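Here is the structure we will look at, set down as C-alpha coordinates.
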Amino acid sequence: MSITKWVASPFSKHFTYKSETERPWKPEMVLELLEQAHQEFERLIGPGLDIVIEVEDRICEPNNLGARAEISKQVHSAQESTIEVKFICEFPQNYGDTEQERNLAYHFFVHELFHCWIGGNVSGNHGQIVEAITQYMTDWVLVRLGWCTEDLLIREQTNWQRIVDTADPPHTTIAKYKLLFDQMHTDDSENLFAFCRDLADCFRQQRNREETDISAVLQRYLGTALEED
Ligand SMILES: [Zn+2]
(Lines give C-alpha, C1' and ligand atoms only; values in the text may rest on other atoms or scores of the structure.)
Protein backbone atom coordinates (compact mmCIF):
# COMPACT_ATOMS: atom_id res chain seq x y z
CA MET A 1 0.00 0.00 0.00
CA SER A 2 1.39 3.36 -0.94
CA ILE A 3 1.48 6.06 1.70
CA THR A 4 -0.08 9.35 0.73
CA LYS A 5 2.13 12.38 1.00
CA TRP A 6 0.12 15.37 2.18
CA VAL A 7 1.45 18.77 1.16
CA ALA A 8 -0.63 20.47 3.83
CA SER A 9 -2.53 19.42 6.92
CA PRO A 10 -3.61 22.35 9.08
CA PHE A 11 -6.47 21.97 11.54
CA SER A 12 -9.09 24.10 13.23
CA LYS A 13 -11.67 23.57 15.95
CA HIS A 14 -13.79 20.98 14.10
CA PHE A 15 -11.69 20.06 11.08
CA THR A 16 -8.41 18.71 9.87
CA TYR A 17 -7.71 19.41 6.21
CA LYS A 18 -5.21 17.33 4.28
CA SER A 19 -4.30 18.13 0.72
CA GLU A 20 -2.46 15.85 -1.65
CA THR A 21 -1.37 18.68 -3.93
CA GLU A 22 -1.12 22.45 -4.19
CA ARG A 23 -4.52 23.95 -4.96
CA PRO A 24 -5.57 27.48 -5.91
CA TRP A 25 -7.41 27.57 -2.56
CA LYS A 26 -5.31 27.95 0.57
CA PRO A 27 -5.67 25.17 3.16
CA GLU A 28 -6.51 27.75 5.82
CA MET A 29 -9.25 29.09 3.57
CA VAL A 30 -10.94 25.70 3.38
CA LEU A 31 -10.87 25.49 7.18
CA GLU A 32 -12.37 28.97 7.42
CA LEU A 33 -15.10 28.00 4.93
CA LEU A 34 -15.94 24.83 6.86
CA GLU A 35 -15.97 26.54 10.26
CA GLN A 36 -18.22 29.31 8.94
CA ALA A 37 -20.61 26.84 7.30
CA HIS A 38 -20.61 24.69 10.46
CA GLN A 39 -21.59 27.70 12.54
CA GLU A 40 -24.31 28.73 10.10
CA PHE A 41 -25.80 25.21 9.96
CA GLU A 42 -25.82 25.04 13.77
CA ARG A 43 -27.62 28.36 13.88
CA LEU A 44 -30.21 27.21 11.35
CA ILE A 45 -30.63 23.51 12.10
CA GLY A 46 -29.32 22.99 15.63
CA PRO A 47 -26.28 21.34 17.19
CA GLY A 48 -24.25 19.19 14.84
CA LEU A 49 -21.64 16.61 15.60
CA ASP A 50 -19.27 17.41 18.39
CA ILE A 51 -16.32 15.81 16.68
CA VAL A 52 -13.34 16.47 14.51
CA ILE A 53 -13.89 15.80 10.85
CA GLU A 54 -10.97 14.89 8.65
CA VAL A 55 -11.15 16.32 5.15
CA GLU A 56 -8.99 14.74 2.47
CA ASP A 57 -8.44 16.75 -0.69
CA ARG A 58 -7.23 14.18 -3.19
CA ILE A 59 -6.13 14.10 -6.82
CA CYS A 60 -8.29 12.17 -9.29
CA GLU A 61 -8.63 11.54 -13.02
CA PRO A 62 -10.13 14.52 -14.92
CA ASN A 63 -13.67 13.14 -15.12
CA ASN A 64 -13.90 11.51 -11.74
CA LEU A 65 -14.25 14.48 -9.46
CA GLY A 66 -16.67 14.10 -6.60
CA ALA A 67 -17.04 13.94 -2.86
CA ARG A 68 -18.18 11.43 -0.31
CA ALA A 69 -18.22 10.99 3.43
CA GLU A 70 -17.11 7.90 5.27
CA ILE A 71 -17.82 7.06 8.86
CA SER A 72 -14.59 5.79 10.36
CA LYS A 73 -15.98 5.04 13.79
CA GLN A 74 -19.43 4.99 15.30
CA VAL A 75 -20.32 4.27 18.92
CA HIS A 76 -23.78 4.84 20.30
CA SER A 77 -24.31 3.52 23.79
CA ALA A 78 -25.84 4.78 27.01
CA GLN A 79 -22.40 6.05 28.04
CA GLU A 80 -21.18 7.68 24.88
CA SER A 81 -22.08 8.79 21.41
CA THR A 82 -19.14 9.16 19.08
CA ILE A 83 -18.93 9.48 15.34
CA GLU A 84 -15.73 10.03 13.43
CA VAL A 85 -16.22 11.15 9.89
CA LYS A 86 -13.89 11.56 6.97
CA PHE A 87 -14.75 13.63 3.89
CA ILE A 88 -12.98 12.59 0.72
CA CYS A 89 -13.11 15.29 -1.93
CA GLU A 90 -11.42 14.54 -5.24
CA PHE A 91 -10.38 17.00 -7.92
CA PRO A 92 -8.09 16.64 -10.93
CA GLN A 93 -4.59 18.07 -10.86
CA ASN A 94 -4.59 21.82 -11.66
CA TYR A 95 -8.25 22.16 -10.80
CA GLY A 96 -9.84 25.31 -9.44
CA ASP A 97 -8.51 28.19 -11.52
CA THR A 98 -11.90 29.36 -12.77
CA GLU A 99 -14.66 30.76 -10.59
CA GLN A 100 -16.97 27.93 -11.62
CA GLU A 101 -14.45 25.29 -10.58
CA ARG A 102 -13.89 27.01 -7.23
CA ASN A 103 -17.66 27.20 -6.67
CA LEU A 104 -17.95 23.48 -7.23
CA ALA A 105 -15.02 22.73 -4.92
CA TYR A 106 -16.59 24.84 -2.15
CA HIS A 107 -19.87 23.06 -2.82
CA PHE A 108 -18.25 19.64 -2.31
CA PHE A 109 -16.68 20.60 1.04
CA VAL A 110 -19.86 22.15 2.44
CA HIS A 111 -22.22 19.56 0.92
CA GLU A 112 -20.58 16.75 2.87
CA LEU A 113 -20.74 18.87 6.01
CA PHE A 114 -24.50 19.37 5.60
CA HIS A 115 -24.90 15.58 5.43
CA CYS A 116 -23.69 15.44 9.06
CA TRP A 117 -27.10 16.88 9.97
CA ILE A 118 -29.18 15.53 7.11
CA GLY A 119 -27.77 12.48 5.37
CA GLY A 120 -27.46 8.73 5.39
CA ASN A 121 -29.64 5.91 4.17
CA VAL A 122 -33.31 6.71 4.02
CA SER A 123 -36.21 4.34 3.57
CA GLY A 124 -38.53 4.48 0.57
CA ASN A 125 -37.56 6.46 -2.46
CA HIS A 126 -36.56 9.57 -0.55
CA GLY A 127 -32.81 9.67 -1.15
CA GLN A 128 -33.18 12.20 -3.93
CA ILE A 129 -35.07 14.59 -1.65
CA VAL A 130 -32.20 14.44 0.85
CA GLU A 131 -29.81 15.14 -2.01
CA ALA A 132 -31.93 18.03 -3.31
CA ILE A 133 -32.21 19.77 0.07
CA THR A 134 -28.46 19.27 0.61
CA GLN A 135 -27.56 20.79 -2.76
CA TYR A 136 -29.99 23.64 -2.30
CA MET A 137 -28.95 24.58 1.24
CA THR A 138 -25.26 24.24 0.39
CA ASP A 139 -25.44 26.72 -2.50
CA TRP A 140 -27.61 29.07 -0.49
CA VAL A 141 -25.18 29.07 2.46
CA LEU A 142 -22.20 29.63 0.12
CA VAL A 143 -23.89 32.74 -1.26
CA ARG A 144 -25.09 33.91 2.16
CA LEU A 145 -21.60 33.66 3.63
CA GLY A 146 -20.10 35.43 0.63
CA TRP A 147 -18.02 32.54 -0.71
CA CYS A 148 -19.96 32.54 -3.98
CA THR A 149 -21.79 35.38 -5.69
CA GLU A 150 -25.55 35.63 -6.11
CA ASP A 151 -25.08 34.59 -9.77
CA LEU A 152 -24.56 31.03 -8.60
CA LEU A 153 -28.16 30.70 -7.41
CA ILE A 154 -29.58 32.51 -10.43
CA ARG A 155 -27.62 30.31 -12.86
CA GLU A 156 -28.59 27.21 -10.91
CA GLN A 157 -32.25 28.10 -10.92
CA THR A 158 -32.26 28.49 -14.70
CA ASN A 159 -30.49 25.17 -14.91
CA TRP A 160 -33.02 23.30 -12.71
CA GLN A 161 -35.89 24.79 -14.70
CA ARG A 162 -34.28 23.61 -17.95
CA ILE A 163 -33.82 20.10 -16.55
CA VAL A 164 -37.46 19.96 -15.42
CA ASP A 165 -38.74 21.36 -18.74
CA THR A 166 -36.77 18.93 -20.86
CA ALA A 167 -37.42 16.06 -18.43
CA ASP A 168 -33.75 15.19 -18.53
CA PRO A 169 -33.35 12.10 -16.36
CA PRO A 170 -31.87 11.14 -13.94
CA HIS A 171 -31.67 14.64 -12.50
CA THR A 172 -35.30 15.63 -13.06
CA THR A 173 -36.48 14.68 -9.57
CA ILE A 174 -33.65 16.50 -7.81
CA ALA A 175 -34.17 19.62 -9.96
CA LYS A 176 -37.91 19.56 -9.30
CA TYR A 177 -37.38 19.42 -5.54
CA LYS A 178 -34.75 22.15 -5.66
CA LEU A 179 -37.25 24.44 -7.38
CA LEU A 180 -39.78 23.51 -4.70
CA PHE A 181 -37.34 24.32 -1.87
CA ASP A 182 -36.51 27.60 -3.55
CA GLN A 183 -40.22 28.41 -3.62
CA MET A 184 -40.59 27.43 0.06
CA HIS A 185 -37.64 29.67 0.85
CA THR A 186 -39.20 32.63 -0.99
CA ASP A 187 -42.65 32.10 0.55
CA ASP A 188 -41.52 31.56 4.14
CA SER A 189 -37.83 30.95 4.84
CA GLU A 190 -38.58 29.97 8.46
CA ASN A 191 -40.72 27.13 7.16
CA LEU A 192 -37.83 25.80 5.05
CA PHE A 193 -35.46 25.95 8.04
CA ALA A 194 -38.05 24.22 10.27
CA PHE A 195 -38.25 21.47 7.63
CA CYS A 196 -34.45 21.07 7.84
CA ARG A 197 -34.54 20.99 11.66
CA ASP A 198 -37.24 18.30 11.68
CA LEU A 199 -35.33 16.23 9.12
CA ALA A 200 -32.16 16.54 11.21
CA ASP A 201 -34.14 15.38 14.27
CA CYS A 202 -35.24 12.28 12.35
CA PHE A 203 -31.65 11.39 11.50
CA ARG A 204 -30.49 12.03 15.07
CA GLN A 205 -33.28 9.99 16.66
CA GLN A 206 -32.96 7.05 14.30
CA ARG A 207 -29.19 6.90 14.00
CA ASN A 208 -29.05 3.35 15.35
CA ARG A 209 -31.14 2.10 12.46
CA GLU A 210 -29.96 0.96 9.05
CA GLU A 211 -32.35 3.34 7.35
CA THR A 212 -33.96 6.56 8.52
CA ASP A 213 -37.67 6.98 7.95
CA ILE A 214 -38.34 10.61 7.01
CA SER A 215 -41.75 10.10 5.41
CA ALA A 216 -43.76 11.76 8.24
CA VAL A 217 -41.70 14.96 7.96
CA LEU A 218 -41.94 14.96 4.17
CA GLN A 219 -45.68 14.49 4.37
CA ARG A 220 -46.03 17.35 6.87
CA TYR A 221 -44.00 19.91 4.91
CA LEU A 222 -44.36 18.87 1.29
CA GLY A 223 -47.85 17.37 1.36
CA THR A 224 -49.27 17.04 -2.13
CA ALA A 225 -45.97 18.21 -3.70
CA LEU A 226 -44.48 14.89 -2.60
CA GLU A 227 -44.05 12.68 -5.65
CA GLU A 228 -45.95 9.44 -5.57
CA ASP A 229 -43.24 6.95 -6.28
ZN1 LIG B 1 -25.01 14.34 -1.11
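The values are calculated or read from the model by the stated rules, or taken from the named source; none is laboratory data. Please read all numbers here as calculations on a predicted model, not as lab measurements. When we count neighbours, we look across all protein chains shown, and the Cβ atoms used for this are built from the backbone with ideal geometry, even at glycine. Please note that ligands, DNA and RNA were not included when accessible areas were found on the heavy atoms of the full protein model with its side chains. Shrake-Rupley method; radii C 1.70, N 1.55, O 1.52, S 1.80 Å.
Before moving on, here are some points about what is shown:
- Global geometry of segment 7-118, whether rounded, prolate or oblate, following the gyration tensor of its Cα atoms and the 1.5 cut on a/c: prolate
- Counting Lys and Arg as +1 and Asp and Glu as -1 over every other residue whose Cβ lies under 11 Å from the Cβ of V122, the net charge comes to -3.
- Long-range amide H partners of V85 with built H, under 5 Å: E54, S72
- Set of lysines near K5 by C-alpha distance (under 30 Å), chain-local residues within fewer than 8 positions excluded: K13, K18, K26, K73, K86
- For segment 130-175 versus segment 21-54, the spacing of their alpha-carbon centroids is 21 Å.
- Whole-percent carbon and sulfur share, accessible surface of the chain, 1.4 Å: 46 percent
- Convex hull (Cα only) mean projected area of the chain, reported in nm² to one decimal: 13.8 nm²
- D151 - accessible surface, heavy atoms, 1.4 Å probe, Å² rounded to 10: 80 Å²
- Per residue accessible area in Å² of the chain, where ligands, DNA and RNA are left out and the probe is 1.4 Å: 53 Å²
- Counting only Cα atoms, the size of segment 124-229 along its three principal axes is 39, 32, 25 Å, in decreasing order.
- Taking each residue as 0.36 nm, the span from N191 to Q157 lengthens on full extension beyond its C-alpha to C-alpha distance by 10.2 nm.
- Reach of K176 by Cα under 19 Å, taken over aspartates and glutamates that are not fewer than 8 positions away in the same chain: E131, D139, E156, D165, D168, D187, D188, E227, E228, D229
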